[in-house]
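Below: the structure, in structure tokens.
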Amino acid sequence: MRDDHIGKGAGALCAVLDHEGRKVRACSVHLDANWSDMRAADGRFELAIKEWAKILWVEFFAPTSRYLAARELVDRLQVDSDLPTLLGGDFNTVPWSYPIRTITRSFRDASWLTRSYLEGTYHKLPGPLQPRIDFVFVSPSLQSTQAEVVQCPTGDHYPVRANVRLSGEPLH
């Protein structure tokens, strides 16, 4: 990632794994949360509707640091675009945002067309609305066979789990 992301908790760590003689790249991602200064000490957000609307407008239409990081990540991963790739983690943005649209030009959301597609992964918001900000993406050479949000009580995020196939072989 770019040098201006250092120290902000943003980045990606990728490894090439050997799965039964086939190479698969797995990347763990954590993108900046530009709005984290609005969070209370306990991690919760208490924002008015107008503040939420402004945050969402920026997410959908502005070139935030998350968008720039997503664009750079996709560009770097395209160098070895033939390598099957899993890309997952905390993207700190919602479905259809500018960063997510940038990623889905090259990768598919493993949760697409599943019951958990809009299920929330960040549970530190008051009220019933929990945004999905954690994702698993797969390259075109991989097929997602199942994806779900795992509702475990640890941390402020629920993880996303996906089962994928590479040429008919399950990866767990």
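Quick notes on this structure:
- When each of the peptides 138-144, 69-75 is scored by the mean number of other C-beta atoms lying within 10 Å of its residues, the order from highest to lowest reads 69-75, 138-144.
- Across region 92-172, C-alpha contacts under 8 Å between residues 6 or more apart give a mean separation that, scaled by the residue count, equals a relative contact order of 28 percent.
- Accessible surface of His157 - all protein chains present, 1.4 Å probe, nearest 10 Å²: 40
- Relative counts (whole %) of C-alpha pair distances in region 55-161, using bins that are 5 Å wide: 2, 12, 22, 23, 20, 13, 5, 1, 0
- Extending 7 Å from Cα along the Cβ direction at His19 and again at Glu46 yields two label points whose distance is 4.5 nm.
- Taking 0.36 nm per residue of sequence separation and removing the Cα-Cα distance, the Cys152/Leu129 pair yields an extension gain of 6.5 nm.
The values are calculated or read from the model by the stated rules, or taken from the named source; none is laboratory data. Computed from a predicted model, the values in this text were never measured in an experiment. No Cβ is skipped: glycine too gets one built from the backbone with ideal geometry, and neighbour counts run over all protein chains shown. When the accessible area is computed, the model is the full protein with side chains, heavy atoms only, and any ligands, DNA or RNA have been set aside. Shrake-Rupley method; radii C 1.70, N 1.55, O 1.52, S 1.80 Å.
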